[in-house]
Amino acid sequence: NITVVPEIELPGHARAAIAAYPELSCNETFLPVPGLWGVFDDIFCSKPETVQFLKNVLDEVVELFPSEYIHIGGDEAPKTRWEKCVNCRKVMAKNHLENEHQLQSHFIQQIDDYLTSKGKKIIGWDEILEGGGLPKNTAVMSWRGIKGGIQAANDGHQVVMTPNSNVYLDLMQGDGIIEPPVYETVRLKNSYDFNPVPEGVNAALIKGGQANLWSEQLFTYRHLQYMLYPRAWAVAEDLWS
Ligand code: ACM
Ligand code: ZN
């Protein structure tokens, strides 16, 4: 049984939405779709209007996907705009929040509450642990190594391990002489050594592992397939065993 878990990324990685609806950002000015990958300062504003927009989007997503889980992103969201935004300041004052990390928690929590009320479970990248107060029923995907996953499991959250050090299959697997450069290197051995259940954590809380094949630097299908194998087989064996 295959289930697609949709990811509606928020509050970062939202430049496509902001290009279509500039009023969802803090500066409320038009910005084009960047086209290529990046971590951008312009993210969704935390104001109530944006939260309402996202709830409307999620209404449609919930109807389209039978999945038990909805992924709500949470990664790579600089707080540069939030720090200077009057609307974000208002949300912070009204909810007695001390900093932008707590503001992100508050933002995520509203989405979390909404999806929970729709009978869905929520999963997000390990940044959603920052700022504290993450509801216990929220699952965490640990991508910046396994630290976030360990912390999340120790806090009682369900965890999917997907550390960039072992299972980011878009990273180079060989020598830069024979394959196009992509940020860093993950060798076949690193993938084969992947252990989704680190020592000392409650194994019952580790739902499993996931390999990621991001394609921001893989510009052809041939390159993408080259990166996928053989490391995908190594990860499959890790997880089956
Ligand atoms: C991620 O790779 N930013 C989840
Ligand atoms: Zn704002």
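The values are calculated or read from the model by the stated rules, or taken from the named source; none is laboratory data. Being a predicted model, the structure only gives us computed values, none of them experimental. Cβ placement follows ideal geometry from the backbone for every residue including glycine, while neighbour counts extend to all protein chains displayed. The area values use the complete protein model at the heavy-atom level, side chains included, leaving out ligands, DNA and RNA. Shrake-Rupley method; radii C 1.70, N 1.55, O 1.52, S 1.80 Å.
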In the set Ala234, Ala203, which member is at negative phi, hydrophobic (A, V, I, L, M, F, W, C) and in contact with a Phe, Trp or Tyr (Cβ under 9 Å, 6 or more places away or on another chain)?
Ala234
From the options Leu103, Leu97, Leu115, residue that is at negative phi and either away from ligand 2 (no atom under 16 Å from the Cβ) or β-branched (Val, Ile, Thr) (or both)
Leu115
Counting just the residues of region 26-53 that are farther than 22 Å from Leu115 by Cα and touching a residue at least 24 places away in the same chain (Cβ under 8 Å), which one comes out surrounded by the most Cβ atoms within 10 Å (Cβ to Cβ)?
Cys26
May I ask you to verify whether Ala211 is more than 16 Å from ligand 2 (Cβ to nearest atom) and open to solvent by 30 Å² or more (accessible area, probe 1.4 Å)?
yes
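Being within 15 Å of ligand 1 (Cβ to nearest atom) and either closer than 14 Å to Lys120 by Cα or in a loop (DSSP other than H, G, I, E, B) (or both) narrows it down to one residue among Ile2, Ile8; which is it?
Ile8
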Pairs with Cβ under 8 Å, 6+ apart, first in region 91-114 and more than 11 Å from Gly131 (Cα to Cα), second of a type in the set (S, T, N, Q) and open to solvent by 40 Å² or more (accessible area, probe 1.4 Å):
Met92/Gln102
